[in-house]
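Below is one structure, written out as C-alpha cells; the observations come after it.
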Amino acid sequence: MSAAAGGRAVEAVPHLYVHVPFCPKICPYCSFYKEASDRNKTQRYLDAILRELDAWQRPDDAGRPPLRPRTVFFGGGTPSALSTPQLEYLLTGLRDRLDLSALTEWTLEMNPATVSLEKARLLRSLGVNRVSMGVQSWEPDLLAVLGRVHSAEQARRSYDILREAGFENVNLDLIFGVPTQTRAQWVRSLEETVALAPEHISAYNLTYEEDTEYFRRFASGELTQDTEGDADLFELTADLLASSGYEPYEISNFSRLGRECLHNLAYWQGGDYLGLGPSAFSTVGERRWANVRDTALYNDRVHLGVTAADFEEHVPATMRRAESIAFGLRTNRGVAADTLAHWPEQVAEFAGLGLLEIAAGRALLTRKGRLLADTVAEAFV
C-alpha cells in the first residue's frame, strides 16, 4: 500500500489507459489529441510507451503503487491504425510487464477502415476481449460530412470480421446532431445498429469543441446547433434503444445486461487510473497529471528519462468526492442520496424543477435532468 499518491493510500492502480494518437485521417469534429499516421514516429512511440510503463513500475523512493489492471483501454486517435506487427509488439510488451491476473476487460478502439481478420485475431489472442468501433453513421452522405474514411459497407464487413475473430463484446459508436442529418436518417442508423445486435451502443450528441475544424465553422456561423432538435433525438434514442433491450446506463451509453463498459464506469465512479502516451491523463490518490500533447516531444522526454507530464495538480479527497458525484449522476445508478447532504438547497431546487429524484436511498437524474446533466453536475463540484 502506498501513500505517495498524495495522502490517500492506494493499494494498486486498477485501471490503465493507453493513448494511440495516430489516425488515417483527421476528422473535423474530433477534439482528442491526434495526428496523421507517421511511420517515422511510430516505433519510437511504441518504445516510449513501454519505457513510460517501466518508469512507473521501477521500484524507487517515490513509493508509487503497483499497476495491477482490472481494465485496460486503448483509445485515440485510432489504435487500430497501428499495423498488425506494431500491435503485436506493443501488446506483447505490455503483457510481459504487467500482472494481468485480475484483468476482466481489455478494450481497443477501431476504425472500420483499419480492421482486418489477421489483426482482429491477433488482438483476441493477446487478450483484447472488447472492441469499440467508430461507425458514427450508416448514411453515406453523413459519413462524408463527418470526414470519415470508411464506407457503410466497410463498417458492416468489419463488424462481421470482429465476430469471426471471436469477439463477443463489441461496442458501436454513433453520432447525432450532425449537420444536414434528418430525424429519419438517425432512426435508420439506430435501427440498423440494433439489427446487428452489438453488446453495447454509444450514441453521442455532436458538440463543437475548440481546436477542431467544426468549431471554427461554428464560430463563423457556417454551422449551427439545433438544441431543441438534439433534445428530440436524445429522447428518441433512449426510447428506441431501451425498447430494443439496451439499458441506458449512462447518458450516452447503452448496453445489454452485464455488458457495461467497466473501464468507463471506473472513471465515472472515481477510480484510480494510469494513462500512458501523449496527452494521457492519470489520477492516482490525490495526484492528477497529464502528458504533453505532442508525440515527438513525448517520445523525446521518455527516451531521455524525464517526465512526459506537463501538467499536475493536487486533487484532495473532497474534490474527488465531488467529481464522483458529478460523474455518478450521469449513470442510471446515480449516487447515494446521503452524499448530497452538503447541498440541501441545490437538491431541493433540482427536485422541484423535475431534474432530480430520490428513490431507495439513491439520487438520480430524471429523463429531463439527463438533458441538463452538465448544469446539474456543476452545482456539486
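Think of it this way: in the chain, C23, C261 stand alone, with no other Cys Cβ under 4.7 Å. Put simply, the amide H of V335, placed in the peptide plane, has neighbours under 5 Å in A363, leaving out anything fewer than 5 places away on its chain. Annotation: amide H of L356 within the under-5 Å range of A351, T366, sequence separation 5 or more or interchain, hydrogens built in the peptide plane. In angstrom, the C-alpha Rg and Dmax of the chain are 20.9, 60. Where both bridge residues fall in the stretch 174-306, DSSP classifies roughly 75% of the beta bridges as antiparallel. Per-peptide packing, taken as the mean over residues of other Cβ atoms within 10 Å, places 260-267, 156-163, 75-82 in the sequence 75-82, 260-267, 156-163 from highest down. From the Cα gyration tensor of the stretch 90-175, with a ≥ b ≥ c the square roots of its eigenvalues, which class applies: rounded if a/c is under 1.5, or else prolate if a/b is larger than b/c, or else oblate? Prolate, because a/c is 1.5 or more and a/b exceeds b/c. Beta-bridge orientation, the chain: approximately 45 percent antiparallel, per DSSP, counting only bridges with both partners inside. Descending by average beta-carbon neighbour count within 10 Å, the peptides 41-47, 14-20 line up as 14-20, 41-47, the highest first. Would you mind checking which residues have amide H under 5 Å from G275's amide H? H placed 1.01 Å from N; only 5 or more apart, or other chain. Answer set, sorted by chain and number: Y17, S282, T283.
FYI, it's all coordinate maths here, none of it is from the lab. Predicted, not measured: the structure shown is a model, and the values here were computed from it. No Cβ is skipped: glycine too gets one built from the backbone with ideal geometry, and neighbour counts run over all protein chains shown.
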